[in-house]
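Just so you know, all these numbers are worked out from the coordinates, no wet-lab data involved. None of these values were measured; they are calculated from a predicted model. Here the Cβ is made from the backbone with ideal geometry for all residues, glycine too, and neighbour counts use every protein chain on show.
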């Protein structure tokens, strides 16, 4: 099973728990997603504040992640932060699509798309 599949399944299970008011298992599912994100998604190397899963905007058909990127200038000095939203949706031809929302400073969106595609596509 791929990472995106596992997160989507757990996300759906969490939503079912919310619907049935099972707060114990809702919390267990949230912890499982947090653990997967912590261990499999970008943190460091520009993604200095890590990656966060957006429980409010995610469901079995759409996974939403928030991250920030710490840019460096040509001299190797930090020159600012930009915030990004990563939206993952199903694709009939490629299993899933990754959409990066935020400024495309220094053409970062191509790099981010590759990084997140790899994290989402890894076996878990």
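When residue 56 is tested against the conditions (1) surrounded by 12 or more Cβ atoms within 10 Å (Cβ to Cβ); (2) assigned to a loop (DSSP other than H, G, I, E, B), the lone failure is (1). If I filter the stretch 105-121 for residues that are assigned to a loop (DSSP other than H, G, I, E, B) and surrounded by fewer than 17 Cβ atoms within 10 Å (Cβ to Cβ), do I get at least one hit? No: zero hits.
If the condition is being on the phi > 0 side of the Ramachandran plot and either within 14 Å of the chain's Cα centre (by Cα) or without any contact (Cβ under 8 Å) to a residue 60 or more places away in the chain (or both), then the stretch 91-112 contributes 102, 106, 107. Of note, residue 64 does not satisfy the criterion of being surrounded by 12 or more Cβ atoms within 10 Å (Cβ to Cβ) and in contact with a helix residue (DSSP H, G or I) (Cβ under 9 Å, 6 or more places away or on another chain).
Go through (1) surrounded by 12 or more Cβ atoms within 10 Å (Cβ to Cβ); (2) part of a strand (DSSP E or B); (3) without any contact (Cβ under 8 Å) to a residue 40 or more places away in the chain for residue 88 and report which single condition fails. It is condition (3) that residue 88 fails.
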